[in-house]
Amino acid sequence: MMDLTTITNPSFIKELDKEQLEALAADIRHFLIENLSVTGGHIGPNLGVVELTIALHKIFDSPTDKFLWDVGHQSYVHKILTGRAGEFDTLRKYKGLSGFPKMAESIHDVWETGHSSTSLSAAMGMAVARDIKKENSFVIPIIGDGALTGGMALEALNHIGHEKTNLTVILNDNEMSIAPNVGALHSILGKLRTAGKYNNVKDELEFLLRKIPAVGGRVATAAERVKDSLKYLVVNGVFFEELGFTYLGPIDGHDFVELERSLQYAKKMEGPVLLHVITKKGKGYSPAELDKIGTWHGTGPYKIETGDFVKSPVKGPAWSALISETVRKLARDDRRIVAITPAMPVGSKLESFAAEFPDRFFDVGIAEQHATTMAAGLAATGMKPFLAIYSTFLQRAYDQMLHDVTRQKLNVFIGIDRSGLVGADGETHHGVFDIAFLRHLPNLVIMMPKDENEGQHMVKTAIDYDEGPIALRFPRGNGYGVPMDEELHTIPIGTWEVLQEGEDATILTFGTTIPMAFAAAEQLKAQGKNVAVVNARFIKPMDTDLLDELFAKGKPIITIEEAVLAGGFGSGVMEYAEQVGHTGTIFERIGIPDEFIEHGGVDKLLIEVHMTPDHVAEVTAAAIKQAAERERV
């Protein structure tokens with residue numbers, strides 16, 4: 001067995017024969033299964049691209065030739081072959097190896113990804129730059145069949161085909177993104193998978209046509225028509241060739257002979273080429289291979305022998321499950337309720353809703369913009385759509401939120417999952433920007449619960465709200481295990497809740513940072529300072545009546561948010577103070593600074609950005625001292 005930690009660059013692969021390549025593939029699979037059982041990570045996608053990645057490095061010359069891994073969660077094999085196997089014990093850990101391509105890690109990572117469907121547009125830019133500079137290199141985006149449904153990918157395909165740009169697009173088709181793929185394009189790829197003889201038949205016909213003697217234009221033209229129409233006989237539509245690509249495939253993505261032959265052929269062709277590669281997600285590890293719903297797309301630690309996941313003890317229900325199950329409960333009595341998700345039925349825990357209400361559940365694939373405007377269309381006709389979407393993916397539908405949802409004041413219920421820091425997936429997945437990019441949109445209500453009991457009541461509030469769009473933020477992970485009310489009720493829009501009285505200062509916060517505020521208040525109590533803690537559960541609209549009372553007292557106000565400070569909740573409080581002409585209060589804002597936060601455990605990341613009870617207590621004590629000094633003056 002090869003010691004993969006001795007690899008420094010992929011050039012050695014070019015000297016390997018078929019048997020040696022297969023041995024290397026087996027070693028890499030063993031390495032991944034062993035290491036990811038400890039660290040967790042995206043095991044399914046990476047086991048599926050072992051041979052493909054090796055073949056790419058054998059035929060092309062990275063980093064002169066540029067590999068762009070769409071989404072990027074399938075780049076572990078690439079990391080191993082480019083000298084990073086020795087760091088895999090730090091994978092997705094604080095200050096460790098990223099789970100996605102990272103330019104700072106290696107010159108072989110030429111494009112950073114974390115969201116899908118970006119590789120083709122970036123590749124087009126790189127190819128155009130190459131041509132302007134008159135450089136000689138290949139640009140190779142590797143995109144999955146799920147990512148190909150993203151609108152941005154289709155826009156790029158259209159442009160690449162129009163410009164006839166020299167690009168080699170690798171379509172890694174494993175019939176899944178995270179969950180099983182959906183949509184008409186998925187059906188087209190299904191037809192292509194069953195038409196594997198297309199290229200062989202086409203090549204044979206072209207050979208025969210060259211043998212036809214030149215006996216006049218009619219015969220030649222008729223022969224060309226036969227060749228051109230063959231694709232409609234063998235492959236219905238040939239979607240990619242109609243877009244201007246030379247389509248090659250489909251080929252077995254685990255067969256080195258087929259891979260090398262096809263990649264060499266693609267290198268010689270002018271214009272855009274699309275090589276359709278069929279792979280098996282999770283190949284080589286039976287629990288991942290047998291997965292049909294996306295459980296093994298990305299996991300935590302697991303037991304290799306059984307495939308059982310190693311789970312940490314939890315107190316309360318998963319937030320995603322709590323929200324989706326409350327929606328399902330209400331949907332039994334309200335036929336207006338429809339659930340929509342952009343390719344995240346498992347992550348958003350909507351499987352039960354889909355099973356009970358198949359005619360009211362829609363997985364639209366990786367198409368966040370479409371999902372959002374579809375929800376707006378439903379709301380415009382009197383339905384009550386629940387759009388279940390991760391915070392980081394809602395970023396991709398900003399214009400649809402502005403133009404289609406909030407501008408028209410439509411009753412769309414947006415469940416913003418994974419709000420706040422999410423940990424191991426890092427900067428591309430932290431849900432810390434949604435308050436800042438949503439708060440300024442007119443007509444929108446934004447709320448976040450302090451615990452799962454309040455969370456279920458907020459779902460009821462959202463469903464009953466009929467004055468426009470309403471968004472419910474909730475974090476990754478599980479609730480606290482608090483007692484749950486049997487009967488649901490609505491919460492008055494824009495009302496806050498005083499959780500603890502105190503006359504020296506007030507901490508305004510919501511959601512996951514409420515425990516932090518209480519811990520800081522306890523520290524301050526030991527110093528003889530009494531601090532109020534307020535559950536500012538409505539980020540918009542704010543409880544201006546309570547703010548007016550606090551302004552009248554003139555005591556310091558500290559805001560805490562697990563979100564970016566720029567344009568966030570704390571900014572909103574200060575904007576209101578300026579709006580009403582209040583200048584006497586000392587304000588302190590605590591939250592995510594103006595920078596991207598990398599991956600790691602949430603606890604460590606909070607320490608890094610100074611969001612701890614100790615820091616809150618220190619800032620609050622300083623504000624109280626400053627206020628006292630002002631009073632003495």
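The values are calculated or read from the model by the stated rules, or taken from the named source; none is laboratory data. Being a predicted model, the structure only gives us computed values, none of them experimental. As a convention, Cβ positions derive from the backbone with ideal geometry for all residues, glycine included, and neighbour counts pool all protein chains shown. When the accessible area is computed, the model is the full protein with side chains, heavy atoms only, and any ligands, DNA or RNA have been set aside. Shrake-Rupley method; radii C 1.70, N 1.55, O 1.52, S 1.80 Å.
Numerical summary
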{"read-out": "Residue in the range 245-267 that is basic (Lys, Arg) and either crowded, with 21+ Cβ neighbours inside 10 Å or in contact (Cβ under 8 Å) with a residue 12 or more places away in the chain (or both) present", "value": "yes"}
{"read-out": "Among (1) of a type outside the set (Asp, Glu); (2) under 11 Å from Thr168 (Cα atoms); (3) assigned to a loop (DSSP other than H, G, I, E, B), the one test that Leu263 misses", "value": "(3)"}
{"read-out": "Filter pass, Ala339 being among the small types (Gly, Ala, Ser), more than 30 Å from Phe596 (Cβ to Cβ), modelled with pLDDT of 95 or more and surrounded by 19 or more Cβ atoms within 10 Å (Cβ to Cβ)", "value": "yes"}
{"read-out": "Residue within the range 308-317 that is under 15 Å from Ile414 (Cα atoms) and not hydrophobic (A, V, I, L, M, F, W, C) present", "value": "no"}
{"read-out": "Residues satisfying the stated conditions in the range 438-467, i.e. more than 27 Å from the chain's Cα centre (by Cα) and part of a loop (DSSP other than H, G, I, E, B)", "value": "Tyr465, Asp466, Glu467"}
{"read-out": "Of all residues making up the range 70-112, the number that are among the aromatic types (Phe, Trp, Tyr) and surrounded by 24 or more Cβ atoms within 10 Å (Cβ to Cβ)", "value": "2"}
{"read-out": "Restricting the range 441-453 to residues that are open to solvent by 10 Å² or more (accessible area, probe 1.4 Å) and touching a Lys or Arg at 6+ places or on another chain (Cβ under 9 Å), the residue that is nearest to Thr326 (Cα to Cα)", "value": "Lys450"}
{"read-out": "Subset of the range 33-79 (residues that are small (Gly, Ala, Ser), within 21 Å of Leu290 (Cβ to Cβ) and not in a helix (DSSP H, G or I))", "value": "Gly40, Gly41"}
{"read-out": "Residues being in contact (Cβ under 8 Å) with a residue 24 or more places away in the chain and outside any helix (DSSP H, G or I) - total across the range 80-123", "value": "24"}
{"read-out": "Leading residue by the ranking (surrounded by the fewest Cβ atoms within 10 Å (Cβ to Cβ)) among those in the range 402-427 that are aliphatic (A, V, I, L, M) and farther than 19 Å from His115 by Cα", "value": "Leu402"}
{"read-out": "The lone exception for Met611 - which of (1) open to solvent by 10 Å² or more (accessible area, probe 1.4 Å); (2) in a loop (DSSP other than H, G, I, E, B) it fails", "value": "(1)"}
{"read-out": "Test for Leu499: is it surrounded by fewer than 17 Cβ atoms within 10 Å (Cβ to Cβ), more than 18 Å from Gln626 (Cα to Cα) and among the hydrophobic types (A, V, I, L, M, F, W, C)", "value": "yes"}
{"read-out": "Sole exception among (1) among the aliphatic types (A, V, I, L, M); (2) in contact with a Gly (Cβ under 9 Å, 6 or more places away or on another chain); (3) surrounded by fewer than 22 Cβ atoms within 10 Å (Cβ to Cβ) for Ala462, by number", "value": "(3)"}
{"read-out": "Residue list for the range 468-513, restricted to those being farther than 23 Å from Val533 by Cβ, of a type in the set (A, V, I, L, M, F, W, C) and under 26 Å from the mean Cα position of the chain (by Cα)", "value": "Ile470, Ala471"}
{"read-out": "Failed item in (1) within 29 Å of Ala617 (Cα to Cα); (2) open to solvent by 10 Å² or more (accessible area, probe 1.4 Å), with Thr490 passing the rest", "value": "(1)"}
{"read-out": "Qualifying residues in the range 2-40 (those that are closer than 20 Å to Asp308 by Cβ and without any contact (Cβ under 8 Å) to a residue 60 or more places away in the chain) - the one surrounded by the fewest Cβ atoms within 10 Å (Cβ to Cβ)", "value": "His30"}
{"read-out": "Scan of the range 590-631 for residues that are touching a helix residue (DSSP H, G or I) at 6+ places or on another chain (Cβ under 7 Å) and either small (Gly, Ala, Ser) or farther than 19 Å from Gln523 by Cα (or both), ordered by number", "value": "Gly591, Phe596, Ile597, Glu598, His599, Ala617, Ala621"}
{"read-out": "Cβ pairs under 7 Å, 6+ apart, first in the range 285-301 and under 12 Å from Glu175 (Cα atoms), second of a type in the set (A, V, I, L, M, F, W, C)", "value": "Ile293/Ala179; Ile293/Val346; Gly294/Met176; Gly294/Ile178; Gly294/Ala179; Gly294/Val346"}
{"read-out": "Failed item in (1) touching a Phe, Trp or Tyr at 6+ places or on another chain (Cβ under 7 Å); (2) open to solvent by less than 10 Å² (accessible area, probe 1.4 Å); (3) touching a residue at least 40 places away in the same chain (Cβ under 8 Å), with Gly568 passing the rest", "value": "(1)"}
{"read-out": "Residues being within 24 Å of Thr392 (Cβ to Cβ) and either touching a Gly at 6+ places or on another chain (Cβ under 7 Å) or free of Cβ contacts under 8 Å to residues at least 24 places away in the same chain (or both) - total across the range 124-145", "value": "1"}
{"read-out": "Criterion (at negative phi and not in a helix (DSSP H, G or I)) met by exactly one of Glu588, Glu618, Glu575", "value": "Glu588"}
{"read-out": "The range 582-633, subset within 19 Å of Glu503 (Cβ to Cβ) and charged (D, E, K, R), residue nearest to the chain's Cα centre (by Cα)", "value": "Glu588"}
{"read-out": "Residue identified as hydroxyl-bearing (Ser, Thr, Tyr) and in contact with a strand residue (DSSP E or B) (Cβ under 7 Å, 6 or more places away or on another chain) among Thr82, Thr64, Thr39, Thr113", "value": "Thr113"}
{"read-out": "Verdict on Phe67 being open to solvent by less than 30 Å² (accessible area, probe 1.4 Å), under 25 Å from Gly601 (Cβ atoms) and either among the hydrophobic types (A, V, I, L, M, F, W, C) or modelled with pLDDT under 95 (or both)", "value": "no"}
{"read-out": "Residues being outside any strand (DSSP E or B) and open to solvent by less than 40 Å² (accessible area, probe 1.4 Å) - total across the range 520-539", "value": "5"}
{"read-out": "Some residue of the range 48-60 being under 23 Å from Lys303 (Cβ atoms) and of a type in the set (A, V, I, L, M, F, W, C)", "value": "yes"}
{"read-out": "Positions within the range 377-401 being more than 27 Å from Glu562 (Cα to Cα), open to solvent by 30 Å² or more (accessible area, probe 1.4 Å) and touching a Pro at 6+ places or on another chain (Cβ under 9 Å), in sequence order", "value": "Gly377, Leu378"}
